[in-house]
Structure formats: C-alpha cells, structure tokens
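Since every read-out is calculated from the coordinates, none of them should be taken as a lab result. These numbers were taken from a predicted model, which means no experiment stands behind them. For neighbour counting, all protein chains shown are included, and Cβ atoms are generated from backbone atoms with ideal geometry for every residue, glycine included.
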Amino acid sequence: MKKLIFILTIIFVIYSCSKKESTPTVTQPVVVKLSGCDSIKQGLLKSTTDTIRLLSCLSISGCDSIRLGVLKPNRQDTLRLISCLSITGCDSLRLGILKPNTQDTLRLLSCIKISANDSMRLGLIKIGQNFQGGIVAYFLQPSDPGYDAKIIHGLIAAKTDFYPGSGAEWGCAGTLISGVESGIAIGTGNQNTIDIIAKCKTIDIAARLCGDLVEGGYSDWYLPSKDELNKLYLNRIAIGGFFGQGYWSSTEINNNVGAGAWYQHFRDGYQGTNDKYLNYFVRAIRAF
C-alpha cells in the first residue's frame, strides 16, 4: 500500500511540473515613443518623402496638422517644427535663430523644398523683398488677368533702372508696331516687348534693353505694359530705386500713326503719351 501511495505521489509531481513548463511566461512589449526630431536624429527618417510624411502626422500647437503641399498659415508653429529638422546645409539654423522675413529663413525653406507659393502664403516673401533675380513688386489680385486662387502669381522688378539719369528712347517713331497698342493689361507687357524687338531693329531702345537683360539667372525680363507700370508706381517705395521722372511702358498709342507711346511719371503717378524718340527712364520686370 505504501508503495502504491509513493508511486502515485511521484506521478502527481511529474504531471505538475510538465503542466508548468507548458505554460510560457508572456512578457508585454515595451512601446518606445520618439519625438519627431528624435526620429530624424536616430536615422529613422532620412528622405524628403519621409520628412514630409512626418510633418503630415504631427500635431503642433495652433495647427491641427501640416499636410503635404498645404502649409497652414501659422508662421510661428511652422518655424518651430521645421527648426528641429536636421538637414544638410541647414544645421546651423535652429529654433530661436530663425526670424521671419530674413535670408536665413528663406535658406531653410529652400533646403526643405517648400515652394515659393507656400513661402508667400506664410508671409515669408513680401513686396519689396529680393526674390528670383529682382524685387517682388506685385501679387496678382482676383480682378487681375491670370489670377489663380491656388497659385500665387505676380511681378518682379529689376533692382535698378537702365542708364540712370538719361534713360532710353522707346524707338521707331513713326512706325506702328501692330498689337502693342492694345497690350495694356497686366500680363501683356511680355508679348509687347517681343513684338517691339521683332519689328524695331534700333539698338538700345527701351524694349530691347529689357528683353536682353539677364539678371539673377533669369532672362525672361520685359518692358512693362501700361497697367503693369502703374503697379510699379503704386509700390515704388517698397521696391525702391525709382526717380521722380517719367518711365516708359511697352504700350503704344492707338492712333494708327505709331508716333507715340504711354509713359508714367513717378513723381505724381500721371500717365500720358509722348513721342517715341524721347528718352524716358526704363525699369524691366518679369512675371512669376
């Protein structure tokens, strides 16, 4: 009887041990949460696409999110977010150093490939600021030809006049340049300039000076139309460098004679016409 009890005890112990070994211990995984900046610093996010993906999911103060291609116009929060990104060429730009409307801010924006359109929506590019080879002169408004609510367009003025103090003639007095008499509105100055250069071979005329200009890596400069020239006058103080004298437009007088063209006086804004052989000041523009 004692032997039977002993055998049954051994069997019970063996069964109990096998029961415990068949039930493995489950260890709960530890979830490590990294901040957006730490993720980049540890090499988890490397490419521009990864960076933009990170930007699209981060929730920051004052903004619900920043989406791909859609930057919310909250300048301080946007700068606070992008300042922590470690990007080649921009390591020295850190939170507290960034100042809106400074060259450092624009350098950082160019490194992370924020478009010029978003830069302007954020208020980082304004009238009177250096941009794309010249100075921002005007942003198109809803009533302007070529206005697009989704993409900001406008005019850029060259930084200086041609031949300050003397100016240049319009050229080809007595020769009607067909088409440029109707080129008055914003957006017509470029075609006016092309037509004038093609039909008037005189050197150093206002349109040719503008059309031949290469400045800041851009070669698409032209003589402004009558309405485009008026925008330069309205923003003349912010743009800078103008004299209180008459400036040629590329718009000819519509009189079938070809004797005169439109100019604008930058002392009082007066727009009038005069003979094309006269010298007036010249400032080139380009569109963006």
Once phi is turned into θ = phi - 60°, what whole-Hz ³J(HN,Hα) does the Karplus curve with 6.51, -1.76 and 1.60 give for every residue of the stretch 167-172, x standing for Gly and Pro?
-> x, 8, 7, 6, x, 6
So how compact is the stretch 156-287: Cα radius of gyration and Dmax in angstrom?
-> 13.0, 38
In Hz, Karplus ³J(HN,Hα) per residue of the stretch 203-216 (6.51, -1.76, 1.60; θ = phi - 60°; x = Gly, Pro) | 7, 6, 7, 4, 5, 5, 4, 6, x, 8, 5, 10, 9, x
Fewest-first ordering of Ile184, Ile196 by Cβ atoms within 10 Å yields Ile184, Ile196
With each label point set 7 Å from Cα along the Cα-Cβ vector, what nm distance links Asp268 and Glu215?
-> 2.8 nm
Could you list which residues have their amide H under 5 Å from that of Gly134, counting only those 5 or more apart in sequence or on another chain, with H placed in the peptide plane?
-> none
Pull up all non-local amide H partners of Gly246: gap of 5 or more, or a different chain, and H-to-H distance under 5 Å with H placed in the peptide plane.
-> Phe266, Phe281
What's the exposure ranking of Ser219, Ser250, Ser225, going from fewest to most Cβ atoms within 10 Å?
-> Ser219, Ser225, Ser250
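Extension gain Asn255-Tyr163, at 0.36 nm per residue separation less the Cα-Cα distance, in nm? Write out the running numbers ahead of the final one.
Numbers: separation 92, 0.36 × 92 = 33.12 nm, distance 2.93 nm.
Value of the extension gain: 30.2 nm.
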So the FRET efficiency between Leu278 and Lys126, C-beta based with R0 = 30 Å and rounded to 0.05, is 0.30
Interchain or sequence-distant (5+) residues whose placed amide H lies within less than 5 Å of the amide H of Ala261 are Ile253, Asn274, Lys276
